[in-house]
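This report refers to the structure that appears directly beneath it.
What follows is calculated from the coordinates using simple rules that are stated; it is not laboratory data. The structure displayed is predicted, hence computed values, not measured ones. So basically every Cβ, Gly included, is an ideal-geometry build from the backbone, and we count neighbours across all protein chains shown.
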Amino acid sequence: MNNLLKLSALELKNAISRGDTTATEALEAYLHEISVQDGALRAYNEVLVDEARDQARRIDDMRKIGESPGLLAGIPIAIKNNLCTTWGRTTCSSKMLANFRAPYTATAVARIRQAGAVVLGKTNMDEFAMGSSTENSAHGASVNPWDLSRVPGGSSGGSASAVAGSLCSAALGSDTGGSIRQPAALCGIVGLKPTYGRVSRYGLVAYGSSLDQIGPMTRDVADCAAVMNVIAGHDPADATSLDRPVPDYLANLDEPIKGLRIGLPREFLSDALDPEIHRAIENAVEVYRSLGAEVKEVSLPHSRIDSGAGGELSSFAVACYYIVATAEASSNLARYDGVHYGHRTERDAADIIDLYSRSRAEGFGDEVKRRIMLGTYVLSSGYYDAYYLKALKVRRLIKNDFDEAFETCDILLCPTTPSPAFKMNEKTADPLEMYLADIYTISVNLAGVPAISIPVGLSSRNLPIGMQLIGGVFREDVVLRAARMFEKASGICRLTPPPLGRDAE
Amino acid sequence: MSNKITPEVVRHIGKLARIELDDQQVEMLGRQLGDILRYVDKLQALNTDGVAPMAHAVEIHNVLADDAPGQSLTADEALANAPARDNDFFMVPKVLGDS
């Protein structure tokens, strides 16, 4: 493997600005690696070679004439396939959008390009971001570089697989119920879901509009902070993006937080948790204690997880999420009508309703249909109050719990996932079981607060384990610094998967 | 809530959602939606009297833009992905009868 691929995004950027290498050389190293490895990992839906080469050349030319090409100059970044780009296709890994070419570029993508990043391509995902394994992709599932028989998580699984497998330097994902943090945990990388409204959603294909956020997926915490510096901030094109100053997330990153107050949500550390993950989290807590952090138990009663007689897990937050998110999805996905863009049936349609119904039946996969149907049901006459309105009230209770916890804590610490990466096809038969993969991440989206997943170790089967650090509204700075404290003190950072199936080079 | 997801209910929801369903899908979706709804029914156990519904994570209201003309897509750009077009129009099957 080319040594350039081993550098973090910031190290690569520094190597380029020192003149040790060029954006073009770095890009070619990644393109070569993709050509060798992506047949096995299937992280990408589309690699955008020409546009990437043009951008890398632009960066190198700028450097030659002494212009500063930006904070992410020359860094090859992969983009989840639900972020619109005017070049290449934006398919959401769906047959519905198989040939869709977006007429505009997402603000987050425009910002990283403005900062000099080289967009490598569009990564695989669960169709329309609905899933936790990428098995719902119309292109087929991506693979976890740590074990090729296991899923990378989802829905941003292609991005996670690409970062962990050195097929990009960093990536963008989106997170509606855990879709950045869960795959980050399963692939042993860093993933941040920012505060709702921190990053513009303009050009992100909508799933659950009150929950969706774009965020970085990176090899270490510093790279995550660097990408946040570029993508965070107000955008007039997104009415829900908030006009608040953006701090420099890199500036104090290495300064430990004195007297850091950590809350352990007791509901998330129950006996139901996988014992290896429990141990890893306890070890992480010890690391923080040794750094002088004050650790105490807190309660998020409305996010509690109960285990039933058969060992099945249940959670109010998961129940609340599957009403709110699917209701929003049923409305957002009404736009796919076979008329304006996207798949259109080739069968004869008797009338316009027939055209809609057939186009949608052919274009959407099973999970997307299931969620649209569920969302339509909970919003339908006679059920609206009992389901949708009830869920919105429970959402308030869940958020109130977080508000209360942050009165006495700076961050909350808990697992990211109930288990390490699961096998392909292990959870596809039962939709509910798949939904429970997000049991620790989902309430964070309902509350709108920021949270990061960072690796805290490996299981006995050599699979990554993730830890989630949750912050108060707009406290990405605290979350990132606390994450960096652990990374530095533990030395657990930039985990590298074994060279599975890698050609000897 | 008692929720019996009969084939008729599934077909009705499919109609509202504009998704054509065959008999096998109606059977499968009835079962799966029933399971999911039984699961989400646990919310009924929570007392939410007097709790204000929360539709958005961050409370912002009435974000207004300046009433100034800006750049928008040209007709060609807007129609570029259309499955069928006729000049500057999207094409659909006949909606009104001949008579």
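Note down the nm distance, to one decimal, between modelled labels 7 Å out along Cα→Cβ at A:Asp306 and at A:Ser290.
Each label point lies 7 Å from its Cα, and together they span 4.0 nm.
By its C-alpha gyration tensor, with a ≥ b ≥ c as the square roots of the eigenvalues, how is the protein assembly as shown shaped: rounded for a/c under 1.5, else prolate for a/b larger than b/c, else oblate? Write out the running numbers ahead of the final one.
Working: a/c = 1.55, a/b = 1.12, b/c = 1.38.
Oblate, since a/c reaches 1.5 and b/c is not below a/b.
Starting from the Cα of A:Ser460, step 7 Å along the direction of its Cβ; do the same at B:Lys94; then give the gap between the two resulting points in nm.
7.2
Grab the Cα-Cα distance for A:Asp61 and A:Asp248, subtract it from 0.36 nm times how many residues apart they are, and report the gain in nm with one decimal.
64.6 nm
Between B:Asp41 and B:Glu8, what is 0.36 nm times their sequence separation minus the Cα-Cα distance? Round to one decimal in nm. Show your work: numbers first, answer last.
Values: separation 33, 0.36 × 33 = 11.88 nm, distance 2.10 nm.
Here the answer is 9.8 nm.
Apply 1/(1 + (r/R0)^6) to the Cβ-Cβ distance of A:Glu407 and A:Ala334, taking R0 = 35 Å, and write down the FRET efficiency to the nearest 0.05.
Details: r = 40 Å, r/R0 = 1.15.
Using R0 = 35 Å, I get an efficiency of 0.30.
Label point 7 Å out from A:Arg53 along Cα-to-Cβ: which residues of segment A:141-176 have amide N under 20 Å?
Zone members listed by number: A:168-169.
From a point 7 Å beyond the Cα of A:Ser299 in the direction of its Cβ, which residues of segment A:382-408 have a backbone N at a distance under 19 Å?
Within reach of a label on A:Ser299, which here means backbone N under 19 Å from a point 7 Å along Cα→Cβ, segment A:382-408 contributes A:394-408.
Which value, in debye to the nearest 20, gives the size of the charge dipole of the protein assembly as shown about its Cα centre, when Lys and Arg are +1 and Asp and Glu are -1 at the Cβ? Don't skip to the end; give the middle numbers.
Values: 61 positive and 77 negative charges, 93 e Å.
Dipole size: approximately 440 debye.
Could you work out how far helix B:23-40 tilts from the main Cα principal axis of chain B, as a 0 to 90 degree angle to the nearest 10?
The angle comes out near 60 degrees.
Given the DSSP H assignment, sum -39500 (n - 2.57) over each helix run of at least 4 residues in chain A and divide by its residue total; what's the result at 222 nm in deg cm²/dmol, nearest 500? Before the final figure, lay out each step's value.
Values: 15 runs with 183 residues, N = 505.
Calculated at 222 nm, the ellipticity per residue is -11500 deg cm²/dmol.
Can you tell me the length gained on complete extension of the stretch A:Arg18 to A:Ser270, counting 0.36 nm per residue apart and subtracting the Cα distance?
Details: separation 252, 0.36 × 252 = 90.72 nm, distance 5.00 nm.
Computed gain between A:Arg18 and A:Ser270 is 85.7 nm.
For the pairs A:Lys369/A:Lys427; A:Lys13/A:Lys64; A:Lys296/A:Lys393; A:Lys95/A:Lys399; A:Lys122/A:Lys423, note any where the Cα-Cα span goes beyond 26 Å. Don't skip to the end; give the middle numbers.
Working: A:Lys369/A:Lys427 18 Å; A:Lys13/A:Lys64 15 Å; A:Lys296/A:Lys393 28 Å; A:Lys95/A:Lys399 36 Å; A:Lys122/A:Lys423 24 Å.
The pairs that break the limit, which is 26 Å between Cα atoms, are A:Lys296/A:Lys393; A:Lys95/A:Lys399.
Rounded, prolate or oblate: which one fits segment A:313-394, using the alpha carbon gyration tensor with axes a ≥ b ≥ c (rounded when a/c is under 1.5, else prolate when a/b beats b/c, else oblate)?
Working: a/c = 3.14, a/b = 2.27, b/c = 1.38.
Prolate.
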